[in-house]
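Novice: Provided herewith is a single structure, encoded as structure tokens, for subsequent inquiry.
Each reported figure results from applying straightforward, stated rules to the coordinates on display, with no laboratory input. These figures come from a predicted structure and were not determined experimentally. We place every Cβ from the backbone using ideal geometry, glycine too, and count neighbours over all the protein chains shown.
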Amino acid sequence: MVENRPYLTVISHLVVILGIVITVMPIWITFVASTHPIEHIMDGTIPMWPGDQFFENYATVLGAGIADAGGIPVGTMLFNSLVMALTIAVGKIAISLIAAFAIVYFDFPFRMACFWIIFITLMLPVEVRILPTFAVVANLGMLNSYIGLSLPLIASATATFLFRQFFLTVPEELAEAARIDGAGPLKFFKDILLPLSRTNVAALFVILFIYGWNQYLWPLLVTTDESFYTVVMGIQRMTQAAESLPLWHLVMATTMLAMLPPVIVVVVMQKLFVKGLVETEK
Amino acid sequence: MAELHLKGVQKIYQNGFHAIHGIDLDVADGEFIVLVGPSGCGKSTLLRMVAGLETISDGLVEIGGRPVNRLEPADRDIAMVFQNYALYPHMKVYDNMAYGLRNRGTPKDEIDRRVREAAGILELEPLLDRRPNQLSGGQRQRVAMGRAIVREPSVFLFDEPLSNLDAKLRVQMRVEIKRLQRRLAITSLYVTHDQVEAMTMADRLVVMNGGRAEQIGTPIELYDRPATTFVATFIGSPSMNLLEGTVAEGGTSVALVSGSSIGLPDPRPELAGRSVTLGVRPEHLTPTTDGSGMTLRLDLIEQLGADTLLHGHLDGDERRLVTVRLTGHFAPGQDAVQVAATNAVHLFDPQAGSRL
């Protein structure tokens with residue numbers, strides 16, 4: 001639609017700018033707060049411009065941590081979060097790809113039953129099955145471990161379903177041509193199906209990485225050892241410092257750091273991500 | 001280079017559908033066989049059974065004297081060209097062609113030699129670094145051919161390879177495929193529903209209908225002596241006219257329902273008094289000027305330039321449509337012409353449809 005209406009242009013720009021301000025404002029305040037000493041924040045007025053404590057505050061949270069919240073350096077928590085998010089994202093994609101491959105390309109007994117069982121788990125949110133899951137993980141002695149953090153979240157009905165739908169759109173002749181070309185099922189999977197799923201994998205990776213990174217309830221339940229705290233739940237602990245005011249400037253610095261990895265993942269994979277969501281050509 | 005033999009080949013699907021009712025076919029080395037028939041006749045299924053993509057319910061398929069019923073497609077020494085080409089979208093043209101050879105563990109320099117040779121034959125050299133989505137339909141078709149050629153198979157299998165091309169390109173590729181097949185002298189099995197494609201390309205044709213081979217023969221045999229009314233109407237365009245009638249005393253002519261009669265070139269006294277279906281091709285009906293022959297009431301005239309098609313019905317028989325093909329132009333403005341059959345008429349059993 002090509003129109004030339006100046007008022008419309010002005011209004012639409014105003015709306016966009018307003019939207020941006022609303023979205024960016026909290027992040028800006030978080031950033032500003034993370035660069036001030038605690039007194040500036042506690043005196044009742046919220047500063048609007050960055051202070052001079054940027055390096056000091058970030059060095060404190062990254063290196064030493066906050067004593068009242070267990071004194072774990074944010075660096076450790078970031079690392080824990082990263083391990084958890086990566087394990088979940090990579091694991092989910094790997095398992096879903098293989099599961100979808102089996103369901104679409106192999107004719108085994110109860111194939112559709114398997115698919116529907118996987119599909120039904122889509123309807124249950126994590127929270128509903130969190131108690132039995134916790135019991136299982138506890139019985140297996142996986143509390144306070146990376147396996148305990150990631151394994152229960154690793155199976156994904158959504159990703160399996162998405163890959164199944166994608167595989168169904170791959171022309172059957174491609175599989176037949178590969179068979180004639182002497183490629184067995186695994187070779188077909190590796191040489192043809194995986195490269196074709198590249199953009200879908202990238203899109204899912206972004207979504208699943210953020211999903212894993214933002215896990216809150218589960219890490220809260222299975223970790224009691226501070227060295228396995230993840231950053232998202234760690235922030236919550238910081239704000240609940242006993243018998244003292246929360247050190248807001250440090251909490252804010254931690255928050256900024258916690259936001260960074262998902263942002264990097266999105267920025268780096270943006271092109272592939274968008275392609276994966278819109279591409280139709282096979 | 002190999003012969004291909006099918007012996008009593010049958011296909012019964014798990015749901016009980018009998019797709020192929022026992023086909024026997026012997027293909028000589030280097031022969032070009034076209035399987036032709038309407039959609040659903042089982043021609044593609046038969047091809048896929050030879051390829052190994054469908055299981056063989058009963059019967060035997062032999063390639064080069066070796067039974068292949070239980071072999072994987074890759075081990076049957078065949079190459080197949082698919083209707084939608086089935087090129088690997090993420091691979092360059094070169095890799096598309098080389099993939100099968102790599103899987104077989106062919107040495108690198110041998111792969112390179114074969115791919116470049118095939119690319120040379122098909123004029124694909126400038127395209128080797130492109131991906132399939134950067135190619136036109138005709139070029140993709142060539143790559144699909146190239147992928148088949150580099151394997152140097154015993155048998156080529158084509159599954160309607162030209163049906164995704166536009167009409168002009170189709171004619172051009174038809175000639176190219178035929179020329180290529182002659183040059184490489186590789187036994188070929190080619191599926192199409194287009195009878196012109198079938199007639200022009202085939203050394204021998206297999207006309208299929210309802211999972212059976214109605215007739216197997218050279219294009220001219222099928223045109224001159226169709227074994228059934230199905231073959232008679234399927235081969236040739238426009239279709240053969242079929243008229244009902246009774247063989248007259250002495251077997252020298254057939255009295256048609258319309259009241260007129262058509263003489264038989266070879267008298268058939270043994271058929272005297274029998275009701276028959278008489279077939280005559282549109283090009284074997286000619287107008288007469290001396291008042292003899294049958295009166296054709298015209299409904300529609302199609303001017304094709306080189307020839308003219310007259311559609312109508314015979315005076316006295318409103319039910320059967322009759323088509324006449326004339327060479328040259330036809331003066332419009334007439335609503336009836338007198339036509340007579342030349343010597344090429346066919347007699348069929350009205351119930352069984354088989355040739356008498």
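Novice: Taking the Cα centre as origin and putting +1 on Lys and Arg beta-carbons and -1 on Asp and Glu beta-carbons, what dipole magnitude results for the range A:157-263, to the nearest 20 debye?
Specialist: Numbers: 6 positive and 8 negative charges, 15 e Å.
Taking the Cα centre of the range A:157-263 as origin, the dipole is about 80 debye.
Novice: Give me the lysines in straight-line cross-link reach of residue B:92: C-alpha distance below 30 Å, same-chain residues under 8 apart excluded.
Specialist: Hits, sequence-local ones excluded: A:187, A:190, A:271, A:275, A:282, B:108, B:168, B:178.
Novice: With θ set to phi - 60° and the Karplus curve 6.51 cos²θ - 1.76 cosθ + 1.60, what are the ³J(HN,Hα) couplings of the range B:221-227 in order, to the nearest whole Hz, using x for Gly and Pro?
Specialist: Taking θ as phi minus 60°, the curve returns 4, 5, 6, 7, 9, x, 7 Hz for the range B:221-227.
Novice: Per-residue Cβ counts within 10 Å, from other chains only, averaged over B:145-155: what number is that?
Specialist: Working: counts 0, 0, 3, 1, 0, 0, 3, 0, 1, 0, 0.
The mean count of partner-chain Cβ atoms within 10 Å per residue comes to 1.
Novice: Would you work out which of B:209, B:198, B:232 lies farthest towards the positive end of the dipole of the range B:163-291, given +1 charges on the beta-carbon of Lys and Arg and -1 on that of Asp and Glu, about the Cα centre?
Specialist: Going by the Cα projections, it comes out as B:198.
Novice: Does the range B:202-335 classify as rounded, prolate or oblate by the C-alpha gyration tensor (a ≥ b ≥ c root eigenvalues; a/c under 1.5 gives rounded; else a/b over b/c gives prolate, otherwise oblate)?
Specialist: Working: a/c = 1.97, a/b = 1.14, b/c = 1.74.
Verdict is oblate for the range B:202-335.
Novice: Another one. Using a Gaussian network model of chain B whose springs link C-alpha atoms within less than 10 Å, name the residue from B:130, B:281, B:204 with the highest mean-square fluctuation.
Specialist: B:130
Novice: Continuing with the same structure: For the residues A:264, A:207, B:12, what sequence is obtained by ranking on other C-beta atoms within 10 Å, fewest first?
Specialist: Numbers: A:264 10, A:207 19, B:12 15.
Taking fewest neighbouring Cβ atoms as first place, the list is A:264, B:12, A:207.
Novice: If you average 1/r over every pair of different alpha-carbon atoms in the range A:140-211 and take one over that average, what Kirkwood value in Å do you get? Can you show the working numbers first?
Specialist: On the way: mean 1/r = 0.0691 Å⁻¹.
Computed over the range A:140-211, the radius equals 14.5 Å.
Novice: Right, something else. For chain B, what does the helix formula give at 222 nm: sum of -39500 (n - 2.57) over DSSP H segments with n ≥ 4, over the residue count, nearest 500 deg cm²/dmol?
Specialist: Numbers: 8 runs with 85 residues, N = 356.
My calculation for chain B gives -7000 deg cm²/dmol from helical runs alone.
Novice: So what is the orientation-averaged projected area of chain B, using the convex hull of its C-alpha atoms, in nm²? Could you put the intermediate results ahead of the total?
Specialist: Values: hull surface 86.4 nm².
Projected area, direction-averaged: 21.6 nm².
Novice: Please report the base-10 log of the normalised intensity I(q)/I(0) for the range B:54-137, using a Debye sum with one equal scatterer per alpha carbon and no solvent, at each q in 0.11, 0.27 (1/Å).
Specialist: The Cα Debye sum returns log10 ratios of -0.41, -1.37.
Novice: Can you give the FRET efficiency to the nearest 0.05 for residue B:275 and residue A:8, using r as the Cβ-Cβ distance and R₀ = 60 Å? Walk me through the intermediate numbers first.
Specialist: Working: r = 81 Å, r/R0 = 1.35.
Between residue B:275 and residue A:8 the formula returns 0.15.
Novice: Continuing with this model, one more query. Would you please classify the overall shape of the range A:9-98 from the alpha carbon gyration tensor, given that a ≥ b ≥ c denote the square roots of the eigenvalues, rounded means a/c under 1.5, and beyond that prolate means a/b larger than b/c while oblate covers the rest? Display every interim value, and only then the final one.
Specialist: On the way: a/c = 3.60, a/b = 1.13, b/c = 3.20.
Judged from the Cα gyration tensor, the range A:9-98 comes out oblate (a/c at least 1.5, b/c at or above a/b).
Novice: I've got another one for you. Using a simple charge model, +1 on the beta-carbon of Lys and Arg, -1 on the beta-carbon of Asp and Glu, nothing else, what dipole does the protein assembly as shown show about its Cα centre, in debye to the nearest 20?
Specialist: Working: 51 positive and 62 negative charges, 139 e Å.
Dipole magnitude for the protein assembly as shown comes out near 660 debye.
Novice: Right, next: Ranking request for peptides B:241-251, A:135-145: highest mean number of other beta-carbon atoms within 10 Å first, then the rest in descending order.
Specialist: Working: B:241-251: 18.0, A:135-145: 13.7.
Per-residue mean Cβ counts within 10 Å order the peptides as B:241-251, A:135-145.
Novice: At most 13 other Cβ atoms within 10 Å and a DSSP loop assignment: could you name the chymotrypsin sites (Phe, Trp or Tyr not before Pro) in the range A:187-243 that fit?
Specialist: A:216
Novice: If you don't mind, another one. Given A:20, A:139, A:57, which one lies farthest toward the positive end of the charge dipole of the range A:4-145, if we put +1 on the Cβ of every Lys and Arg and -1 on the Cβ of every Asp and Glu?
Specialist: A:139
Novice: Test of the criteria: in the range B:258-356, which trypsin sites (Lys or Arg not before Pro) are in a DSSP loop and have at most 12 other Cβ atoms within 10 angstrom of their Cβ?
Specialist: On the way: sites: B:274, B:297, B:319, B:320, B:325, B:355; in loops: B:274, B:319, B:320.
Sparse-neighbourhood loop trypsin sites (Lys or Arg not before Pro): B:319.
Novice: Compute the acute angle (0 to 90°) between the alpha-carbon long axis of helix A:198-213 and the principal axis of greatest extent of the alpha-carbon atoms of chain A; round to the nearest 10°.
Specialist: Once rounded, the angle reads 40 degrees.
Novice: Most exposed first by the Cβ proxy, i.e. fewest other Cβ within 10 Å, how do B:346, B:313 rank?
Specialist: On the way: B:346 20, B:313 17.
Listed from fewest to most nearby Cβ atoms, that is B:313, B:346.
Novice: Let me ask you something else. Tilt of helix A:130-139 relative to the longest C-alpha principal axis of chain A, in degrees (0 to 90, nearest 10)?
Specialist: Between the helix axis and the principal axis of chain A, the angle is about 90 degrees.
Novice: Cut-off 10 angstrom, C-alpha nodes, Gaussian network model of chain A. Which of A:222, A:16, A:265 fluctuates the most?
Specialist: Among A:222, A:16, A:265, the largest mean-square fluctuation in the Gaussian network model of chain A belongs to A:16.
Novice: Pairing the Cα long axis of helix A:157-169 with the longest principal axis of chain A, what angle in degrees results, from 0 to 90 and rounded to the nearest 10?
Specialist: Helix A:157-169 and the main axis of chain A meet at about 40 degrees.
Novice: Just to be sure I understand: of the beta bridges DSSP finds with both ends in the protein assembly as shown, what percent are antiparallel, rounded to 5? All intermediate terms of the calculation are to be shown ahead of the outcome.
Specialist: Details: 58 of 76 bridges.
Given both bridge residues lie in the protein assembly as shown, the antiparallel proportion sits at roughly 75 percent.
Novice: Output the peptides B:263-271, B:82-90 sorted from most to least packed, where packing is the average of other Cβ atoms within 10 Å over each peptide's residues.
Specialist: Details: B:263-271: 13.1, B:82-90: 20.2.
So the peptides B:263-271, B:82-90, ranked by packing, come out B:82-90, B:263-271.
Novice: Could you work out how far apart the two model spin labels at residue B:28 and residue B:318 are, taking each label as a point 7 Å from the Cα in the direction of the beta carbon, and quote it in nm?
Specialist: 5.3
Novice: Using the basic label-point model (7 angstrom from Cα toward the beta carbon), what is the residue A:124 to residue A:239 distance in nanometres?
Specialist: Label at residue A:124, label at residue A:239, 3.1 nm between them.
Novice: Here's a follow-up. Please compute the net charge surrounding residue A:77, taking Lys and Arg as +1 and Asp and Glu as -1 over other residues with Cβ under 14 Å from its Cβ.
Specialist: Net local charge, residue A:77 excluded: -1.
Novice: Ok, one more. For a protection proxy built on the mean count of beta-carbon atoms within 10 angstrom, sort B:165-172, A:29-36 highest first, please.
Specialist: Working: B:165-172: 13.5, A:29-36: 20.0.
Listed from highest to lowest mean packing, they are A:29-36, B:165-172.
Novice: Can you pull out the trypsin sites (Lys or Arg not before Pro) in the range B:30-106 that DSSP calls coil and that have at most 13 other Cβ atoms within 10 Å?
Specialist: B:70, B:104
Novice: Per 10 Å bin, what is the whole-percent P(r) computed from every C-alpha pair distance within the range A:52-211?
Specialist: 9, 28, 28, 18, 11, 5, 1
Novice: Here's something else I'd like to know. Relative contact order, percent, of chain B when contacts are C-alpha pairs under 8 Å separated by at least 6 residues? It would help to have the intermediate numbers written out before the result.
Specialist: Details: 754 pairs, mean separation 55.3, N = 356.
Relative contact order comes out at 16 percent.
Novice: Determine the sum of side-chain charges near residue A:122: Lys and Arg each +1, Asp and Glu each -1, restricted to other residues whose C-beta is under 15 angstrom from that of residue A:122. It would help to have the intermediate numbers written out before the result.
Specialist: Details: positive: A:92, A:129, A:164; negative: A:127.
My count for the surroundings of residue A:122 gives +2.
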